[in-house]
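Taken together, the values in this text are just the output of simple stated rules run on the coordinates, not laboratory data. Please read these numbers as outputs of a predicted model, since none were measured by experiment. Here Cβ is always computed from backbone atoms with ideal geometry, including for glycine, and neighbour counts include all displayed protein chains.
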């Protein structure tokens, strides 16, 4: 809404920028009306009601629409191909029908929410697109700076047209035009808030009166009739006459208007940190074109040049557009006689200066320094618009955006990690001279979703980094949010091949949803065999690499403290979800059988039996649950004549004390989490297996009585 959150201090800038936009619109809109095959006055008509309608309905606070280059050129070209003379009665009849059809297409685009497509256009594409349009319009206007006629078409056509106009080069016009550009560029840097454009127009009109510029060969704006436009009803029967040709043309124009205007208005939204509603914008374009059709005008479009001028004068809201529309009404009623005193080179210089201000080449410069691919995308979008035109430029921009997404997905950031003694966590080995790899271990971070197109990159990075003494490979997969079936199958094969070579493989740090995908895609063996671990430190523990970790290139005599990020999560629920209890029971049976078969009931053998199980060493929180379940398991053997239950239970209790001491060393919060974890285990047991729960609680009470300790 125009007035939503409006502040009175905006009013002065909005009114000023609206007046300047209206004055600058006079030569622009009149010229493009001629390009579209209409008398020049229709350009002014298109700068009244369409502008007012858009200003009331738009969500963008500062963008400007009007009669502009691309739709005008498309309409003018279509009239020529249909054999309709520019300015003829037939042209006056068919152009508003085309505008009406454009409005209908835009209403349809708004209804199906097609405006959201702009969200998939990247900043380099957007910057290249806007810069391409800006340069195209500048090239169109260049001949007018030295007294020639404006051009149409793409880069080579425009350059050829400039060459053709050079024989008519007029020195005084060139001095006025180039001087105007130079003054405005200097004023933008030194006195940006001063309305220099208005002053230059006044000076230009004054020079015409005083020095008769027209008699000295300087072109002035043509005379137009005074009065507001009459409302008309477009002759829709012409749709049947021209059929497919104008339907396809109107669809193309509507698509270009939506893409070009949304891209440009989104660019301002990014620049000034506000949001626009794309579908509301498309609806506003449709309503503006409907208003244009009812006054006989050609299709209206977002105007990059006039938006740049509005921005230059501090426009804050669509009060600017309403002011511009009102000012144009006054011009049509009372100012048409004055228009003939305005020099075309001066007005063209104002337009060119505004267009120079909207070029986004600083984005290209930053991209060149940071990422050559981003620079290439910017330049491709830029030359796509400049050489191929807006229609194909839009298509190319969308394609480039999707290509950019694919490139990032296929070749995401990857690195190998190591330890900086005394510093928390793991660090990039290639960017930290003080970081050292852990002996016999590769820790590989892959920062992108894993799927068929990048699985080769993932596997080759790992295989190329393996050395003769490598015993463990850990993937820090916190950047992997999803995998596909190809990646799941390849991970199973990679794990099996590495296992045959005596190398452990662990996938860590990823979201639990990835575990669900692994099971769904038939890669559950990775979880069952303990190749999926919650954290890197748990994977190192499972691989038998204990703290302080031995580092390559650091003498074993050198002591250092490894500062570890606190572990706050149990692993089994993260890895197995609802199957966590069943999987824990399977591990308990494995461990118990190994203990019984070995006949060794020492605490060390209990830990070794746990390490030798299919999952491997479990984390501290899960080990506490494993020990609880192990107690229940062996108590069940007591009634079957097994004579070592008390001895095993005593060792388990010793092990539990060690775990609690380690957790106490971490933090009080870790102990609180342990108590919470135990409570969850008890609730789960009570719900799923009441008999098991009763036996468990009986054991807990017996141990409390024996050791004087509250569980």
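Taking the longest Cα principal axis of the chain as reference, the axis of helix 319-330 is set at about 10 degrees.
Principal-axis analysis of the Cα atoms of the chain puts helix 278-294 at an angle of about 20° to the longest axis.
Compute the acute angle (0 to 90°) between the alpha-carbon long axis of helix 123-145 and the principal axis of greatest extent of the alpha-carbon atoms of the chain; round to the nearest 10°. For helix 123-145, the angle is close to 10 degrees.
As a rough footprinting exposure proxy, the listed residues 469, 14 were ranked by other beta carbons within 10 Å of their own, and the order from fewest upward is 469, 14. Using a Förster distance of 35 angstrom, determine the FRET efficiency expected from the C-beta separation of residue 657 and residue 496, and round it to 0.05. The pair residue 657/residue 496 has a calculated efficiency of 0.35. Considering helices alone, the calculated mean residue ellipticity of the chain at 222 nm is -20000 deg cm²/dmol, with DSSP H runs of length four and up weighted by -39500 (n - 2.57) and normalised per residue.
Cα centroids of the range 163-182 and the range 292-363: 22 Å apart.
Sorting 615, 163, 574, 368 on the 10 Å Cβ count, fewest up front, what's the list?
Least to most surrounded, the residues fall as 163, 368, 574, 615.
When P(r) over Cα pairs in 20 Å bins from 0, in percent is calculated for this entry, the matching label among (1) 15, 33, 20, 21, 10, 1, 0; (2) 18, 51, 26, 5, 0; (3) 16, 46, 31, 7, 0 is (1).
Taken as Cα centroids, the range 202-242 and the range 606-629 sit 87 Å apart, rounded to the nearest whole angstrom. Under the criterion of Cα pairs below 8 Å and six or more residues apart, the relative contact order for the chain equals 16 percent. Exposure proxy shown here: for 70, 486, 208, the number of other Cβ atoms within 10 Å sets the order, fewest to most, as 486, 208, 70.
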